[in-house]
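Right, one structure below, let's go through it.
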Amino acid sequence: MTLTTDETRQWLLEFSKRIQEQKQYLSDLDQAIGDGDHGSNMARGVTAVEDMIKDDSLTKPSEVMKKAAMAMISKVGGASGPLYGSAFLDMSKIIDEESLPEVVEAGLNAIKKRGKAELEDKTMVDMWGPVVEALKTDTLTQAFIEETMEATKPLKAKKGRASYLNERSIGHLDPGAVSSGYLFIAMIEEVGKND
Amino acid sequence: MTLTTDETRQWLLEFSKRIQEQKQYLSDLDQAIGDGDHGSNMARGVTAVEDMIKDDSLTKPSEVMKKAAMAMISKVGGASGPLYGSAFLDMSKIIDEESLPEVVEAGLNAIKKRGKAELEDKTMVDMWGPVVEALKTDTLTQAFIEETMEATKPLKAKKGRASYLNERSIGHLDPGAVSSGYLFIAMIEEVGKND
Amino acid sequence: MKKIINDSSRVVDEMIEGFCFAHQELVKKIDDYRVIVSRDIENQVGLVSGGGSGHEPAHAGFVGEGMLSAAVCGEVFSSPTPDQVLEGIKASDNGQGVLLVVKNYTGDVLNFDMAKELAEMEDIAVETVLVDDDIAVEDSTYTAGKRGVAGTIFVHKILGAYARQGKTLKELKELGDDLVGRIKTIGVALTAATVPEVGKPGFNLKADELEYGVGIHGEPGYLRETLKTSKDIAKELVEKLSQSFTFKEDGQYGVLVNGLGATPLMEQYVFLNDVKKELAESNMQIAYTKVGNYMTSLDMAGLSLTIIEFSGTTEIAALNEEVTTPSWG
Amino acid sequence: MKKIINDSSRVVDEMIEGFCFAHQELVKKIDDYRVIVSRDIENQVGLVSGGGSGHEPAHAGFVGEGMLSAAVCGEVFSSPTPDQVLEGIKASDNGQGVLLVVKNYTGDVLNFDMAKELAEMEDIAVETVLVDDDIAVEDSTYTAGKRGVAGTIFVHKILGAYARQGKTLKELKELGDDLVGRIKTIGVALTAATVPEVGKPGFNLKADELEYGVGIHGEPGYLRETLKTSKDIAKELVEKLSQSFTFKEDGQYGVLVNGLGATPLMEQYVFLNDVKKELAESNMQIAYTKVGNYMTSLDMAGLSLTIIEFSGTTEIAALNEEVTTPSWG
Ligand SMILES: Nc1ncnc2c1ncn2[C@@H]1O[C@H](COP(=O)(O)OP(=O)(O)O)[C@@H](O)[C@H]1O
Ligand SMILES: Nc1ncnc2c1ncn2[C@@H]1O[C@H](COP(=O)(O)OP(=O)(O)O)[C@@H](O)[C@H]1O
Ligand SMILES: [Mg+2]
Ligand SMILES: [Mg+2]
Ligand SMILES: [Mg+2]
Ligand SMILES: [Mg+2]
């Protein structure tokens, strides 16, 4: 089952809402192991996403997703911008034809390619990776996502700013994994609702 | 009566002693209405004076006084350096022939010429001027000198850094007048002692 | 937060406006972008750098004839986005391609990489030289790698001279990669910087504490100690740097003492004097010296020490060449 | 006191040593004196300045071909002594005499005056130009008069150009006296400077206070207020300056935003942007702009704004001429 244009739009709008609600929390997470701007970076990005996908003339999921990609790329500035941007861009390339597990996997691959992170490097890959697996086995739930966020806590960061902290990065959630978690909670809520 | 070489030397050494004892006090006075360095400026100067007048080959008061002048000129740096230096230099020119009132008056005139200050401008002139008068009438005492220091308190500064404060300079002793007071207390103590 | 600013969210735009007004003979801004370009774009390979703002005069102050063709200004301490960098690349290309000089931070790397891809889609040849001179962080596959700090200005200057001389993009890329390996920097912070939008210092040091190895965005260093004399700080930083070099008696080296923003030139010269004495023990030749605020961290008090090992006199000559930029001095 | 220094009583000597090491191609120190002289002493009238230390890069940073022949460095915030100044004069004289550029403080005036007399006794012709650009203090016979602050660097640069062009001592003195009357400065402090030997700030401002009119040695200003925006500060300082000028629509003016030591360039550019907007209302022409730390007050946070009214384009050209000094930039 492919997504509808409306589902795609609702998914991203819900993502935006959650990011904006959790802006301070995401920055606080980033303050602990990074530079404290993940919340405002993401908020800047999703505000632009909202603006750009409101456009009624977008008639295909791919068009919506590509706009979202461009918004993230051109508004975030931090490491997360090109990562979300690349993910959305590669997702947009197949979203009209493929169903969710393939689409999200395309995003995961884009992130891995751009950021060169692997599982357990304490990055957003540690959310995207498990989510792809869960989608494939149809076991994705909000609880699973929340557990996956928690699972980044004991990891030692090997990529991004948090890696400067070495052992001291242990014991904190990865902000990018948490923001990605919101993306997938929004997905669960908005995609396939009208089936 | 002219001064002896030894009297001149003793006078300046006693001056040096008093300045060094009162170094902090003089800087504190300067902190209130200037830049807080009068004590250390003067201490730097008189230490050099001591060094230079110790020289046994100095056989005339004028030689001693000239050395002291050069020491003040080349070591102090603040406004007080050229003022004391000029005073001592002009005093040295007549000290072998003239007696104390004339000698000190030569100093006063040098200060006035260099600093362009008049009486009641709240400067060291307000010590040198009254002292010259008292010397002329043979009424100079330590008590008079101390009163003269106090008399600078109500004045409003019109010269030097203290003048930037305008009315706010009122109510404080002038540091240069106080250090000059020590010069004359030392003079009373050391000059004419063996008459 | 005591700063002479207006709206903290507008500080970068207002700074750029003031900068372009001050240096209108030398540089101009691209409309709708935070990109500063040289008014003299020569017939040469373009040299583009940039990164987060808050490091002034880096990088916009180094735009001009003989150094950068363009500088792209991000938010305070945040990489500029790919579309911004792309604009800088396009403005700097004269058909001979563009070299990007990027400080090694994940954000900068990813955003500049993406810009490179976008430029390549528009048929502009682009290469990147990654500067990672900060030896506070150990280089390993388990971290984002060493950071790019003050040594970057040597890369701007030397490659700027080479680009002016007509070197090709490929040559510049190779020369740059080689150059970067011979530049090492280590910093010390006395106080933290305050990002305007955050409003409070990025970390806290006690009144008598300093921290060695702090990065130019306040990244944690490797050692916190009670305040030391300039001599002791010089000893520590030279010691740390000497672990990355084998100082050769006949080798020629350059030294940069870089103020981080709030440390006066007086202290920087005192410190240089102590560095000179420390280095004298290695019998190395110091063939080039530079002192001042070149890669700052807003209002951070402290400084960094950079040493470059010259491959030959060409590099020294390149550093000494005259340029027409707002801030090389 | 958080400073990168060693013995606070040796800070000036160590700074000079570091300075001379950094800029050995351009300047040298006279043995046993704290006097920095240009290695290129041309066949021209000598230009000598100096004063207390702690204002770096002033004045030693402006020694070199096209600006000062020599700079004499006093203790921190204290005038150099006449014997020191005399050495600077002697080293700068080529038989055409020497012009002293002195900031108007009693200490500086008296010590430089005495040096002038000493030099004249050695048959060197000496004239003095007294700079008193700080309009925070009213000029009257009841004070030591206006102080010399950041505007001094315009005097160094313009007279430096004229001296290089071959103007005579008499001409330079006249041009200088005329020039000084058209330069006005006013400052604002956010924090006080700490003199190393004193160890604590010269005055106290609350965390949210600023003071207008503070001098470069921490002399008291004319108004203390709660922290303002850059726009409001620009308004206040421009307003104050405009009382000393009658801005002419067709008049040409120069602007200097001078950082006092701890204020980053970012804030200085933001401030310049606001100054530009304030001045735009007077329809005057701003023909020259300069921004940076040129006449500092150790680690004071704050800045000063200088306006110069040009008598003609020669002065603008003089400011734009290339020079070879450590710090004009
Ligand atoms: N190389 C990487 N690969 C994947 N994700 C990364 C990488 N580097 C950083 N991230 C993600 O980006 C997040 C930080 O984003 P953000 O704070 O917006 O950017 P910055 O680190 O530039 O300030 C991290 O929490 C992490 O999830
Ligand atoms: N124009 C002047 N004429 C006479 N005395 C002066 C003049 N200016 C300053 N003084 C004296 O100098 C004293 C300050 O000396 P000092 O603190 O050593 O120098 P500075 O003011 O340069 O720091 C004042 O207290 C005053 O007595
Ligand atoms: Mg971050
Ligand atoms: Mg960031
Ligand atoms: Mg004083
Ligand atoms: Mg003084």
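Each value in this text was obtained by applying a stated rule to the coordinates, not by laboratory testing. Values in this document were obtained by computation on a predicted structure and should not be read as measured data. Don't worry about glycine lacking a Cβ; one is built from the backbone with ideal geometry, like all the others, and counts go over all protein chains shown.
A few notes on this one:
- Region B:5-190 pair-distance distribution - Cα-Cα, 10 Å bins, rounded %: 11, 41, 38, 10, 1
- Dimensionless Rg/Rh of chain D - Kirkwood Rh, Rg from C-alpha atoms: 0.95
- Under the Karplus curve 6.51 cos²θ - 1.76 cosθ + 1.60, θ = phi - 60°, whole-Hz ³J(HN,Hα) for region A:38-45, x wherever Gly or Pro sits: 4, x, 6, 4, 5, 4, 4, x
- Cα shape, region C:9-180, gyration tensor, a/c 1.5 rule: rounded
- Positive contributions from Lys and Arg (+1) and negative ones from Asp and Glu (-1), summed over other residues with Cβ under 9 Å from the Cβ of A:S86, come out at +1.
- Its relative contact order, with pairs defined as Cα atoms under 8 Å and 6+ residues apart, puts region C:99-249 at 19 percent.
- Where GluC sites (Glu not before Pro) fall in DSSP loop in region C:111-147, at most 16 other Cβ within 10 Å: C:E122, C:E138
- The calculated 222 nm mean residue ellipticity attributable to helices in chain A amounts to -21000 deg cm²/dmol, summing -39500 (n - 2.57) over DSSP H runs of n ≥ 4 and dividing by all residues.
- Think of it as helices only: each DSSP H run of n ≥ 4 in chain D is worth -39500 (n - 2.57), and spread over all residues that comes to -10000 deg cm²/dmol at 222 nm.
- Globularity index of region C:183-320, i.e. its alpha-carbon radius of gyration over 2.2 N^0.38 Å: 1.06
- D:T128 long-range amide H proximity, modeled H, under 5 Å: D:L100
- Whole-angstrom gap from region A:174-195 to region B:172-193, using each part's C-alpha centre: 86
- Summarising the strand pairing of chain C, around 55 percent of its internal DSSP beta bridges are antiparallel.
- Starting from the label point of A:D28 at 7 Å along Cα→Cβ, the same points in the other copies fall at 5.1 nm, in ascending order.
- Working from Cα pairs under 8 Å separated by at least six residues, relative contact order for region B:5-190 is 23 percent.
- DSSP finds beta bridges in the protein assembly as shown, and of those with both partners inside it, around 55 percent are antiparallel.
- Look at where the Cα atoms of region C:261-318 and of region A:53-97 average out, and the two centres are 46 Å apart.
- Here A:K193 yields copy-to-copy label distances, from shortest upward, of 10.3 nm, the label point defined as 7 Å from Cα along Cα to C-beta.
- Ranked from shortest, the separations from the 7 Å Cα-to-Cβ label point of D:K206 to its equivalents in the other copies are 2.9 nm.
- Looking at region C:9-180 alone, DSSP beta bridges between its own residues are antiparallel in about 30 percent of cases.
- Of the cross-linked pairs C:K170/C:K248; A:K17/C:K29; B:K23/D:K290; A:K156/D:K2, those separated by over 32 Å at the C-alpha level are A:K17/C:K29; B:K23/D:K290; A:K156/D:K2.
- Rg/Rh (Cα only; Kirkwood hydrodynamic radius) as it applies to the protein assembly as shown: 1.06
- Computed from backbone phi with θ = phi - 60° and the Karplus coefficients 6.51, -1.76 and 1.60, the 3J(HN,Hα) list for region D:215-223 is x, 6, 10, x, 4, x, x, 10, 7 Hz; x is used for glycine and proline.
- At the listed q of 0.10, 0.22, 0.23 Å⁻¹, the Debye profile of region D:124-246, built from one uniform point per Cα, gives log10 I(q)/I(0) equal to -0.41, -1.23, -1.28.
- Sum of side-chain charges, B:I185 neighbourhood, beta-carbon under 9 Å (Lys, Arg +1; Asp, Glu -1): -2
- For region D:147-162 and region C:111-159, distance of Cα centres in Å: 42
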